[in-house]
1. Report the label-to-label distance for Ser130 and Lys198 in nanometres (one decimal), using points 7 Å from each Cα along the Cα→Cβ vector.
2. For each pair in Lys30/Lys81; Lys228/Lys263; Lys27/Lys168; Lys198/Lys274, compute the distance between the two Cα atoms and list the pairs where it is over 21 Å.
3. Provide the three semi-axes, in whole Å and in decreasing order, of the ellipsoid equivalent to segment 134-280 as defined by the square roots of 5 times the Cα gyration tensor eigenvalues.
4. Calculate how many DSSP beta bridges within the chain are antiparallel, expressed in % of all such bridges and rounded to the nearest 5.
5. With equal scatterers on the alpha carbons only and no solvent term, can you work out the Debye log10 of I(q)/I(0) for segment 193-279 at 0.13, 0.15, 0.19 1/Å?
6. Need the C-alpha centroid separation for segment 138-163 versus segment 38-63, integer Å.
7. In percent, how large is the relative contact order of the chain, given Cα pairs closer than 8 Å and 6 or more residues apart?
8. Reported to two decimal places, what Rg/Rh ratio describes segment 27-163 when computed on Cα atoms with Rh from the Kirkwood expression?
Amino acid sequence: MIEDFVAFDFETASGKNPCSLGMVEYKNGKKYHEFYELINPEVAYFNPFAVQIHGITYEDVQYERNFAELWEEMIPFIEGKTLVAHNAKFDNSVLLYSLQRYGLDFPNYTSFCTLQRARKLVQLPSYKLSSLAHFFEVPQFRHHNALEDAFVCGELFLKLNRVEEELKLQEEHGVDFPSDYLDWIAEKQGQNVQIRRKALSSFSEIFSGLRFVITGNFQNFSRSEMQKIITQNAGRVTGSVSGLTNYLVCGSEPGQAKVEKAKAAGTPIISEEKLLRILF
């Protein structure tokens, strides 16, 4: 598990022009050091929508140092480090743009994104930083303050890493491997822990000779878990509906092309609940 990293967040005046930067360095999974500065973006236009979000105006930063003047202080947090951001694609683009703008050398670092990681590991209606902070019970008092957002991002990264590590352990040792943390996550996502455990630990021949196609998002399982449930009970999962498909297992927001093809072929369309009823 990665425990030494730097979480960072830019707020921008407009486009990729930064007006503040927050960085929080973690060592051994604990907050170690931090950096926060207002930045003069050296642009006259401040997007009103951006100002409404972060509250930083032209007047707030007109006498602050620009990115190049702050760069030497930033380098120890970046060079050779593991950087973490929420929607890292954007924050990395602001960093790259600023380096190119001022003719500065690009540092070596590794990048991770808590937005992408959260989408992979938990099922939620929103993956905004504030929504994830609420879900994982990370205190947040000044959303869209760059230092506060960097800290929240760092705490989320640690929690998401724990989810990933415990999922790996469960995959290696089987669903009977106890994890109170994963049960807590499942319950907070509205999943039924007992149903999950029962389905994921089921091994039988009940789906022998049957072909399934999976589409959409499911209440109690990820799509890969749904595939695992079918295959470990002797079923076969394919990627597209054909004349050989016995069931289309349909969650919320299904692929409409698969639904229409199943209807046209007369293939039974069943829900997660119906599949579990057949299984149990």
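Taken together, the values in this text are just the output of simple stated rules run on the coordinates, not laboratory data. Just so it is clear, the model here is predicted, and its values are computed rather than measured. Neighbour counts are summed over all protein chains in view; Cβ atoms, including those assigned to glycine, are modelled from backbone coordinates with ideal geometry.
1. In this crude label model, Ser130 to Lys198 measures out at 4.0 nm.
2. Lys228/Lys263; Lys27/Lys168
3. Numbers: eigenvalues 239, 78, 28 Å².
Each semi-axis is the square root of five times an eigenvalue, giving 35, 20, 12 Å.
4. Values: 18 of 33 bridges.
Counting only bridges with both partners in the chain, antiparallel ones make up about 55 percent.
5. The computed values of log10 I(q)/I(0) come out as -0.36, -0.49, -0.78.
6. What the calculation gives is 23 Å, centre to centre.
7. Details: 472 pairs, mean separation 39.8, N = 280.
Taking the mean separation of contacting Cα pairs over the length of the chain, I get 14 percent.
8. On the way: Rg = 15.8 Å, Rh = 16.4 Å.
Rg/Rh: 0.96.
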